[in-house]
Every structure is written in C-alpha cells, then in structure tokens.
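K.L.:
Provided herewith is a single structure, encoded as structure tokens, for subsequent inquiry.
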4 protein chains.
Amino acid sequence: MNFREGDYILLVCEDRRYLKALTKDFSLNYKERVIRFEDIIGKEPGHSVNGFYVLNPTLEEMILLGFQRKTQIVYPKDSFYIAYKLGLSKDKRLLEFGVGSGASTAVFSQLAGEVWAYEIREDFYRLAKKNWEKFDLCKNVRLENLDFMFADVEENFFDAVFVDVKEPTLYIQKVWRVLKFGAPFATILPTANQVSNLLKSMENLFCNVEVLEILHRPYKPNPDRLRPQDTMTAHTGYLVFARKRI
Amino acid sequence: MNFREGDYILLVCEDRRYLKALTKDFSLNYKERVIRFEDIIGKEPGHSVNGFYVLNPTLEEMILLGFQRKTQIVYPKDSFYIAYKLGLSKDKRLLEFGVGSGASTAVFSQLAGEVWAYEIREDFYRLAKKNWEKFDLCKNVRLENLDFMFADVEENFFDAVFVDVKEPTLYIQKVWRVLKFGAPFATILPTANQVSNLLKSMENLFCNVEVLEILHRPYKPNPDRLRPQDTMTAHTGYLVFARKRI
Amino acid sequence: MNFREGDYILLVCEDRRYLKALTKDFSLNYKERVIRFEDIIGKEPGHSVNGFYVLNPTLEEMILLGFQRKTQIVYPKDSFYIAYKLGLSKDKRLLEFGVGSGASTAVFSQLAGEVWAYEIREDFYRLAKKNWEKFDLCKNVRLENLDFMFADVEENFFDAVFVDVKEPTLYIQKVWRVLKFGAPFATILPTANQVSNLLKSMENLFCNVEVLEILHRPYKPNPDRLRPQDTMTAHTGYLVFARKRI
Amino acid sequence: MNFREGDYILLVCEDRRYLKALTKDFSLNYKERVIRFEDIIGKEPGHSVNGFYVLNPTLEEMILLGFQRKTQIVYPKDSFYIAYKLGLSKDKRLLEFGVGSGASTAVFSQLAGEVWAYEIREDFYRLAKKNWEKFDLCKNVRLENLDFMFADVEENFFDAVFVDVKEPTLYIQKVWRVLKFGAPFATILPTANQVSNLLKSMENLFCNVEVLEILHRPYKPNPDRLRPQDTMTAHTGYLVFARKRI
C-alpha cells in the first residue's frame, strides 16, 4: 500500500527513528538532510527519500514513539511476553486495571477477544482513549473511568487479568473472585518490596507463582564491529504470574 | 470447564510442573504423594488433588513441557517478542522456514492470519505436525516438507518473515524478493559470527536493522526471602530484526 | 619453577579443570586418557602430558576447586571487587566476621596489611584454617573462634570491614564504633529483604551507600562459533557498600 | 587523619559525587547548598559539612572521578577482577602494554611487585604519568613511551601480562615468548569480531582459555523501594584469559 496523506509513518535515518503523521506541508531536518513530506505521498514503504527510509510503524513503534505518556508505560518487551503468558485468544475475556496511557492494553487487545479495562484517573482515561484512536487500536476494549474496586462484575467472569496499580494487594481478593478457576494473573511492579507484599497477599488464593525480570540487551548492528550498545535499560519492573486456585 | 478424559492438564506441585494427558488409569508420584488421574475428572481447574494443583496448560507450557523436540527450539521468551515485532495480525500472511519442532510457528499462528511454513527435513516436518495436532494448534498454517530455496512463491507476497536456519545468508536474496516493501524480517542465530555474516549480506537489501538478546531472570517466589534463582539461561540466540528496503 | 612432589597443580583437559596435590603414585582418568602424576614431576608449567595441561593454580582456582566448603562461599567474582572497594593496602587493617570457609579472607589478605577475622562456629573456624594452610595463605590473618559481638576491640580501630552474616543489622552499631571515621563498609546478602532491613539500620550511621550485583557471563571460546554459554550463575548476592559517617 | 590543604577529597551529596583537591579558597555549589573548602580543613573524614559528606577517595573513585581520559579506560569493575585473575602478588613481575590513561595500571600495581608498562602514543604516556602523580600511585611501575613490538625484553621474563591494544593478534607471538611457562594472559576487547580473531591467533600458544563479560547492576539504595536503577552500563568489553602453554 502506497503512502497517503494522513498515514502514520516511521522515518529511519542512521540510528534515529521518528514517527510522524504524513502531512503535506511538513518537513523534517536531520543533520544536513531535509525530507519534505509531500515527496513521500504515493511512495511504497521501504523507499528512501533523501537518506530517510519511510516505513509503516509496527505496534511497538506506535507505543514507543507515538503514544503520549503521563506516567511510566508498560514497555513492549514486557507486555508482549505478558500477553502470551495470559493465554489470550479470540475466545478469551481479559480484565485490565490501571490502564495508564493504554500501552499494554493495545498489546493485549490484539490477542484477546475482548478487554474490560478500568482506569481510576480521568486524565489517564482520556489519554488512553486518545492514544488508541490515533492509531485506530483497541476496538475490542471497554474502558471505564472507574476504580476497579467499585466495578460491578460477576464472579468467575474473566479468563485472565493484568493488574498495573501501586498497591495490588488491596485488590487481590476481588481479582480472585472475578477470575475463572485456574485463570492466569499477571502484574508488573517496580520494587522488590511490592513483590514481597504481593506474594504474601496471594498465599492461599493463587498457585503456580512465577516472578521474573526481562532484560533486553541491544547491539550495535555493525558486522565488522559487533558489540552490545554502551548502555541498556536495567529495569522496568518485576513481573509476577500466577493462576487462581480454589 | 471441568476436566474431561483426554484433556491435557498441567500438574503443579511445589516447584515441579508436569504436562500430562488425562487418562483414567494413570497416576503420578512425587515424593510421597500420589495423584490418581481418575480423581481429576470432573474437577474444575485450580483444584488441588493430593497436593497437586491441576490447571489447563497455556501455550508456553504446551511448548516447554508438551512439545517433542529433536533440535533446539525457539523459546517462548524469544518467539513471544518476535511475534509482535513482526507486526502480525489477522490480515497478515507470514513466511517461516526452518520450522524444526514447530514451537515458534505455534506462537506466530495465534497472531497471524495465515502462515506459510517450510521445513527441509522430513523428520522435523512430521514432528511439527505431530506437536500441533496434539494440542490442536496451527490450523492456519500451510506446512511443506521443502527447502524454501525451491518454494514457488510470488514476489512481494508476504507481510513478514521469520527465518530459523543455520545459513540465512544463502536465502537472503530470495527472502527479500518474496517480502512486500517495508515488511519486517526476523531471525534468531546462536553465534556472533553468524550475526556478522548475516548483517553483511543484508546491506543494501534491508533497513532499520536491530540486533538484541532477551534475558529472563527468574526469582524464587518467597515473600520473606525474595531473590533471583541460582542459575539462569544465559543464551538462546541473538535476534535480528529488519525491514525490506527498496 | 618445575613441578615437585607436594605441589598443588591445575590439570586442564578440554573444558574440565582439576586441582590436585602432586602425589607420585596418583593418576587421573578422563574419557580414555590417563595422566600418571609421576610423569608431571620435573616438568615446567604449561606442559601437556597426555592431553592434560599442567599449571600452577591461581588464587581463584584454589578457592573454587581446592577449598572445602560447608556453606555458600563468597565467590571470587564478588570478593575480588569487594577487596578493592574496601580500599585495602599494606598499611590497612581489615575487620572481617562471618569467615565461613575462608574464601573471601584469602582474597582480602593479599591486599590488606592485616586482617582481624571472627567466626562464631567452631567447625567453620577449623575449616577456614585448614583451607588456608593447604595453600599457604592468610599469614597476615588473626582468626578467632568468636561471635564478633563479644570481641574486645577498640573504637575507631579498623580501616575497613567486611561482614558476611545472616543478620548484619544486629552488628551494625558495633561495626560503626570500631571503624575509623570515613572507613569503608561492605557486605553481601542473598535476599532483597535483607538488603532493605540493612539499609534501614544504616541510616544516620553510614553515607555514600551503594547496592549492586555483579553478573559474570561466560562464553564458549570457539573462534568460529563465539557465543555465551547456555547457562550462567544468576545470583550469588547483593553487595552493599558504604562509608562510616559521623 | 584529619583533612589538610592539598588532600584529595570525595564530596557526597545525595547521589552526586565529586572528587576535588582541597584548596582553601575554593567552594562548591549543589542545588541551593554551598560548601566552602576552608570549612573542611581539620575535619575528620565522614563529617558532613552543609549537607556534603567529606571522605578520602578510594582507588575506584580516583580512577572514575579523578583520572583525566583521552580514551576509553579499563573500568575498575573489569580491572579489579583481572588483577586477581593474573595471580599478581608482591613477588610477581607484570607486563602491560596499551596503558592509555593508566587506569588499569593503577589497579595492577597494588597487587604486583613490579609492572613493566608500554604506551606507544606520547600523549597517553604523559597522561598516565600525570594521573599517577596526582594521586601518588604506581611507584612500582616502569613506563616506557614505546610500541611493545620494539621493547627489548628477555624470553620467559614476565609472570603475567595484560594487553589493551586494538590488534592483540599482532603481538601474540612476542607476548608468548616473554611470558614464563604457564603464566596468565589477559586482555579486554570491545567487539566480538576481535575476540574471534584473537582466539584463532592463540591456538597452539595458550591453554585454559576463558572468555567472559562482567555486568554490574546498580540499585537505588532506598530501603522501602528497593529496585535496580533505570539504566546500566551494558558493555565495556569482552575479557579473555589464558595461560601460556608449551
């Protein structure tokens, strides 16, 4: 599909990446190069215009470069793994609360049948909506601006849950109730203290508990000088997985 | 859904996990405990029978505990990430060659619309088929027992590709031809030398090249003694991602 | 120096390493190879005898292959770093308690002027002595079989301290008193909970606090197939460093 | 020892660290705090002056904060480990070439009896000298402004060697000749390609080859919110160790 006005495009120049809306009158400078956006219209993806490669953005690029954030997002390196660990598929209903900027929901909604999502803060609620609309994502997501504590949902209703709040221990009893028997639970927590507290609150409610961290180590893609990059992200969060027991 | 004879079940006892077919006359011993499989039939997931929790296996558990292997598999920690990096969705057609035991295909087929898969060795071809049938997976996969070099496919036909062969450089020109413009490429390679060689062969054909490793660091889930496990997997492979350029 | 009877030798065959006393009548088998120890006597280090390379062991090899252990030792990867972080030199007096098998003391004693060491358990006290005598180490170490809590030492006496006990918080006040002003403190702790507790107890007593982990990632040394080994040690302990404040 | 004019001091304020010469008329600002250096004179280490803790710098702090650099240095995390792996002690003679800013030499000289050091570039040679003089280090080091290729040294002369040059393969034969039998070799190399090349050149000359990376993962030292820092150094270099064989 050739690029049309209004498309979101990824521009790659050396190791720089930009995600932009394709607007006729816009142009972008990097070092001494200029790319005029009108020169992109009608071109196929993969073309180079004045030293910039023009591509369709992937979901990861939309999230990392195109989502507005007011808080720490769940990074794709974590949410891609969580999505599969939750056993999502088109016949599954996911509960998510603590939606934030909507980054993880955008990932889960691709595998899940439907997502029931809750966000307590109105500004985050609006932001998630906006991020999804921008990239036409999350059509199968029901988002409410509500503390999940006050959500009126049936028992044994959800096939899986992802929790991203500061104090998941406060919600753990309710989470347990609304999950189906044996259903997977996942959360991400920045500190070791939170993990300890959560694990204590999960005893007698959940089984098959796993705690892990995911580290991505990026390399400089130079064939004659292959080596890791100088710095890397050392920590986004501890992931905790478990299954509802009876 | 209550367990019925013939279901695959995950049994969890302390830090041991077993994936078994639920066969009436079978039983399992661990330390001094015995679990008789007939006692599981009719129970809901999440129940504990004689110290064993009984659960429905997730895709990761099917692959790690239930797939037969004759070769190194692509681990879920890697394939879950690759699946999303390839931008798969229900309207996308994936090419995969070097299918091996079929572990990565089982992951990709969940996000993709269809997968065209090639495996050169007949024993691996049969094994992948068998693994998928066992768990009722990969209905949208066309698997051929053929070296992809001899596959008769149109140019600009695939939306994404995953390559898992020893010498991807031999295939790189053909891979380029059959991909749509701007489409994502992914591979996994065990050695740094292979990465160097591949990167050289990709110059002038691909852009937006990324090389990275994914490390999972598991913890002992003890709330009063939280700490990483003693050992971890140090390496499965280097991941290389890129996009077809023109 | 050519090998003589009674020397300790390191034998290297492919990726196997053995540390042995050079005893005339002894021999060693690996796969189909036999090395008779009498053939080693008089040889220079670096010689190969029947496929085994014969070397003088380094301190790391003595500790990892030659020290008897009754408990988890402080690994050289950690103690080599700690030794320098403690700012040890020939005019410095180190306090160490929780000596265990004596592995870390053997490292510190090389850089320090003298080491005052305490071990509460008599079996460990004897074991450390035995390990040091075996390799003629730790001549500058005064080891007492005593809980450091009951040690009679002056205030502001030590230039540095290394603590390796389960509950360092119990000792932190006394440690503070016997250290010189501004002197470095180090410890190693297996769990995150212990680190949290220790950090709390150090407030108002220590400054310049650092917490870190050291990870060693070993590679297979094959020039044509360079890659990390399959597994690695994921955790030995969290290191905590600080300086006595006033 | 109380601080006197001319001493080098480490100033610690929250998570900032400064290494300074104690000069009467100097002062330092951080946020809204001012520390006047004349207020430090006569104080004991560990004192806090206006929110800054004043300490004697350790060797690591001298290197990281006080050494001038014109090139990438060998980081203490690596050189502390290398020093011990080289089996250095007061009766050992170390060869080092590619001295650069002199950071690694400052570490090795503490354990070794003497160090024979070579640096090809005159500007680096002067810089290393200057860094050592500043902190009164490396009295047992003989530094020559010379390519080691042209150094006139006896065979079987050195007890250990550390090499830090771009193309160690060019020197490997000479290194072999000047080492004693069985003596340890160490180097650090930034790229995987260099490691492959070096390993090839070492075949038949060295045994007991090890390749590894050292990763330090720093934590935020907050007892109630213990967690790794956001970013970490991902790579300084691959370490290669071996022993001279015959």
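K.L.:
Relative to the first principal axis of the alpha-carbon coordinates of chain D, what is the inclination of helix D:192-202, with its axis defined by its Cα atoms, in degrees from 0 to 90 and to the nearest 10?
P.N.:
For helix D:192-202, the angle is close to 40 degrees.
K.L.:
I need to check one value: relative contact order of segment B:125-218, counting alpha carbon pairs closer than 8 Å and at least 6 residues apart, in percent.
P.N.:
Averaging sequence separation for qualifying contacts and normalising by length gives 25 percent for segment B:125-218.
K.L.:
Let me ask something else. Which residue, C:Gln68, C:Gln194, C:Gln229, tops the fluctuation ranking in a GNM of chain C built on C-alpha contacts under 10 Å?
P.N.:
C:Gln229
K.L.:
A follow-up question, please. Per DSSP H run of at least 4 residues, take -39500 (n - 2.57); add these up for chain D, divide by its residues and hand me the 222 nm value, nearest 500 deg cm²/dmol.
P.N.:
That comes out to -6000 deg cm²/dmol.
K.L.:
What whole number of Å gives the distance from the Cα centroid of segment D:112-146 to the Cα centroid of segment A:109-156?
P.N.:
So the two Cα centres are separated by 64 Å.
K.L.:
Tell me, B:Asp78, C:Asp152, C:Asp136 in order of fewest to most beta-carbon neighbours within 10 Å?
P.N.:
Fewest-to-most Cβ neighbours within 10 Å comes out as C:Asp152, C:Asp136, B:Asp78.
K.L.:
Give the relative contact order (percent, whole number) for segment D:64-244; include only Cα pairs under 8 Å separated by 6+ residues.
P.N.:
Dividing the mean separation by the residue count of segment D:64-244 yields 20 percent.
K.L.:
Loop-only GluC sites (Glu not before Pro) in segment C:26-107, please: DSSP not H, G, I, E or B, and at most 15 other Cβ atoms within 10 Å.
P.N.:
C:Glu32
K.L.:
Which value results for Rg/Rh of chain D when Rg is the Cα radius of gyration and Rh the Kirkwood radius based on the inverse mean 1/r?
P.N.:
Rg/Rh: 1.04.
K.L.:
If r is the Cβ-Cβ distance from D:Phe135 to D:Asn156 and R0 is 30 Å, what FRET efficiency results, to the nearest 0.05?
P.N.:
Rounded to the nearest 0.05, the efficiency is 0.35.
K.L.:
Let me ask another. Please give the FRET efficiency for A:Asn145 paired with B:Arg16, using the beta carbon to beta carbon distance and R0 = 51 Å, rounded to the nearest 0.05.
P.N.:
0.70
K.L.:
In addition: Using the eigenvalues of the Cα gyration tensor, what equivalent ellipsoid semi-axes result for the protein assembly as shown when each is taken as the square root of five times the eigenvalue, whole Å, largest first?
P.N.:
Its equivalent ellipsoid spans semi-axes of 49, 34, 33 Å.
K.L.:
Which lysines have a Cα less than 17 Å from the Cα of D:Lys24, not counting those fewer than 8 places away in the same chain?
P.N.:
D:Lys43
K.L.:
Report the residues of segment D:91-122 in range of a label on D:Lys70: point 7 Å along Cα→C-beta, backbone N strictly under 19 Å from it.
P.N.:
Label zone hits: D:97-106, D:117-122.
K.L.:
Hey, what angle do you get for helix A:122-134 against the long axis of chain A, alpha-carbon based, 0 to 90 degrees rounded to 10?
P.N.:
50
K.L.:
Between A:Lys90 and A:Arg225, what is the label-point separation in nm under the 7 Å Cα-to-beta-carbon projection?
P.N.:
4.9
K.L.:
At a 10 Å Cβ-Cβ cut-off, how would you order C:Leu198, B:Leu64, fewest neighbours first?
P.N.:
Fewest to most other Cβ atoms nearby, the residues stand as B:Leu64, C:Leu198.
K.L.:
Measure off 7 Å from each Cα along the Cα-to-Cβ vector at B:Arg177 and D:Leu170, then give the distance between these two points in nanometres to one decimal.
P.N.:
4.4
K.L.:
What are the equivalent ellipsoid semi-axes of segment B:8-57, built from the alpha-carbon gyration tensor (square roots of five times its eigenvalues), in whole angstrom, biggest first?
P.N.:
Here the semi-axes work out to 14, 12, 10 Å.
K.L.:
Expressed as an acute angle from 0 to 90° and rounded to the nearest 10, what is the orientation of the C-alpha long axis of helix C:76-85 relative to the principal long axis of chain C?
P.N.:
Between the helix axis and the principal axis of chain C, the angle is about 40 degrees.
K.L.:
Using 20 Å as the Cα-Cα cut-off, could you pick out the over-long pairs in A:Lys130/A:Lys180; C:Lys77/D:Lys85; A:Lys220/D:Lys220?
P.N.:
Violating the 20 Å limit, Cα to Cα: A:Lys130/A:Lys180; A:Lys220/D:Lys220.
K.L.:
Could you please state, rounded to a whole Å, how far the C-alpha centre of segment C:7-26 is from the C-alpha centre of segment D:169-201?
P.N.:
Their Cα centres are 25 Å away from one another.
No value in this document is a laboratory result; all are computed from the given coordinates. The model shown is predicted, which means the values in this text are computed figures rather than measured ones. Glycine also receives a Cβ, built like all others from the backbone with ideal geometry; neighbour counts cover every protein chain displayed.
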